[in-house]
1. Which percent, to the nearest 5, of DSSP beta bridges fully inside segment 324-435 are antiparallel?
2. Straight-line reach only, C-alpha to C-alpha below 28 angstrom: list the lysines that residue 394 could link to, leaving out same-chain residues fewer than 8 apart.
3. So, counting K/R as plus one and D/E as minus one, what does the shell of residues with Cβ under 14 Å around residue 410 add up to?
4. Read phi for every residue in segment 307-314 and hand back ³J(HN,Hα) as whole Hz from Karplus 6.51 cos²θ - 1.76 cosθ + 1.60, θ = phi - 60°, with x for Gly and Pro.
5. For the chain, with only Lys/Arg (+1) and Asp/Glu (-1) charged at the beta-carbon, what is the dipole magnitude about the Cα centre, in debye rounded to 20?
6. Do any trypsin sites (Lys or Arg not before Pro) in segment 202-245 lie in a DSSP loop with no more than 10 other beta carbon atoms within 10 Å, and if so, which?
7. Can you give me the % of accessible surface on segment 346-432 that is carbon or sulfur? Probe 1.4 Å, all protein chains present, nothing else counted.
8. Which whole-number percent is the relative contact order of the chain (Cα, under 8 Å, 6+ apart)?
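The values are calculated or read from the model by the stated rules, or taken from the named source; none is laboratory data. Treat the numbers as computed from the prediction; the structure is a model and nothing was measured. All Cβ positions, glycine included, derive from the backbone under ideal geometry; neighbour counts span all protein chains shown. Ligands, DNA and RNA are stripped out before the accessible areas are found, and what is left, the full protein with its side chains, is counted by its heavy atoms. Shrake-Rupley method; radii C 1.70, N 1.55, O 1.52, S 1.80 Å.
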Amino acid sequence: MYGKPHPPVVGFLFLWTTMRQTTLKGVEDILPADIHRWQFLEQQADEVFSRCGYQQIRIPIIEPAQLFVRSIGEQTDIVEKEMYSFTDRGERQICLRPEATASVVRAYLQHQFDGQGGCAQFYYYGPMFRGERPQAGRQRQFHQVGVEAIGSYSPLLDADVVMTALRYIECLGLRRYRLQLNSVGCPEDKTNYAQQLRDFLSGQRSGLCESCVSRLERNVLRVLDCKNSACRQIIASAPHIEHAHCAQCREHFAAVQEMLRSQKAEFEINPYLVRGLDYYTRTVFEIPHGQLGAQNAICAGGRYDNLVAELGGSPAGAVGFAFGMERLLIALESESTAISEKTRPLVYVAGLGVVAMRAVFSIVQEIRAQGVAAVFSYEERSLKSHLKRADKLKANHAVIIGEEELASGTILVRDMRRSIQQSIPSSLLRSALEI
Ligand code: HAM
C-alpha cells in the first residue's frame with residue numbers, strides 16, 4: 001500500500017543470508033507452536049505447589065558467582081567446569097545461575113524471611129545455565145520448576161516435599177517414573193563415609209577411569225556418579241553410606257520412609273545416590289523416567305540443613321527439589337500424554353482496497369476493545385488470499401469490507417466453520433459476532 005523500500009542488491013542479499021545468526025549450541029528457542037506445553041507445566045506448578053503451601057518467587061538470572069561456589073561446592077562439576085561466569089565492568093565476578101536453590105536461600109536471608117517464624121515455602125520456574133556437553137535431555141540453557149522449603153528439621157518436611165513432587169507428576173499425567181531415595185547423613189557421616197569409600201577405592205585404583213582417580217582425592221563421592229562401565233562394576237561392591245549413619249540420621253531417614261509408606265508412595269532405596277551438589281545433608285532423592293535414555297532424571301532434590309548458615313543466616317533446616325522442564329516435556333511426549341491447546345475466538349477483518357483497509361483498522365480496534373481477539377492484514381491482499389489467511393489463523397469469523405460495502409454502510413460476515421456469509425448493516429456487527 002505504501003510501497004516497499006528499495007530492494008537490496010543481490011550481493012548484499014547473499015552476504016546477509018550467509019550472516020544469519022542462529023542460537024548457541026545447547027540453547028533452544030521455544031516457538032509459539034510449543035508454548036501451550038510450557039504453559040501447561042507452569043499452570044500445573046501454580047496450582048499444585050500453591051495447594052501444598054508454596055508461594056511463587058522470581059529470582060534474578062545473574063548472581064555473584066561466589067554464591068554458587070560457596071553453596072554448590074568448589075570441587076563439583078558445576079562450579080569447576082560448567083558455570084557461565086564473567087567479570088562485569090565493575091570488576092565483579094558474575095554468573096548466570098546454574099540452579100535456583102542457592103538464590104532462593106540468598107533471597108530468604110536478604111528479605112528476612114528467617115525472622116517470620118514457621119517454614120518459608122517458595123516455588124519457581126525459569127531458565128538455568130550450565131556449560132555441559134549437549135545431548136538429548138541436556139542443554140546449556142535449560143529450565144527448572146522447583147520448590148524450596150526453609151525452616152524445619154522435621155522428617156515430616158522431607159516426606160511432604162517428596163509428596164509434593166509426586167503430586168505434581170501425577171497432575172501432569174506421567175506414569176512411567178520411579179522414586180529413588182537415600183540419605184547422605186550429616187556432614188560428619190559424609191566425612192566418615194568419604195574416608196571409607198576412599199579406602200575401598202584406593203585398593204581398586206588401577207581399574208578406575210582417569211577422572212575417578214582424580215576424584216579420589218578431590219571429591220570421592222562423585223565417583224559414585226561415574227557412568228564408565230569399569231567404574232560401575234567397582235562401585236557395585238563399594239560400601240553403602242547407611243553404614244556410616246549416626247543414630248539420629250538413621251532415625252530421621254526411617255521416619256521419612258515410614259511417612260511415605262503411610263501414603264502408599266512407592267520408592268526404592270538407591271544406596272549410591274549422593275547427588276552432585278555439596279550442600280545436601282540427610283535425605284536425597286531422584287525421579288528417573290523410564291523412557292528417557294542416559295539423562296533420565298526428571299527431578300532431583302533433598303535436604304540441605306547447612307546452606308542457610310553457610311550463606312550467613314542462623315542455622316535452619318531446608319528441603320527442596322527441581323524438575324527439568326525439557327525432560328518433563330520429553331517424558332510427557334513419550335507417554336503420549338495429550339496437552340490440549342487453549343484457543344479463543346478470533347475475528348479476521350479483511351479490507352479490500354486502501355480506503356477499506358483504513359476502515360478495517362478502526363473496526364479491529366473496536367472489536368478488541370470489546371474483549372474479542374481480532375487481526376487484519378497490514379498489506380493489500382486479494383479476497384482469496386485474505387480468506388486463506390483467516391483459515392490458517394483458525395479464525396471463527398471473517399469480516400470483509402470492500403468499496404461497495406463502504407458505500408452502502410454494510411459488511412460481509414463469513415462464518416469460517418460453516419463457510420456461509422451474509423451481508424449485514426455495519427451497525428449489527430457486534431450482534432453478528434455475538435460480542
Ligand atoms: P540438579 O540435579 O542439578 O539439582 O537438577 C535438577 C534437575 O534439573 C535434573 O534432575 C534434570 O531434570 C534437570 N537438569 C539439570 N541439568 C540439566 C541440563 N543441563 N539440561 C536439562 N535438564 C537439566 C538441582 O539443580 C538442585 N537445585 C535441586 C534442588 C532443589 N535441591 C534442593 N532443592
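1. 55
2. 342, 384
3. That sum, taken over residues with Cβ under 14 Å, equals -2.
4. Values, residue by residue: 5, 4, 5, 4, 9, x, x, 6 Hz.
5. Dipole of the chain, to the nearest 20 debye: 1120 debye.
6. Within segment 202-245, the qualifying trypsin sites (Lys or Arg not before Pro) (loop, at most 10 other Cβ atoms within 10 Å) are 227.
7. After summing per-atom areas, the C and S share lands at 52 percent.
8. 15
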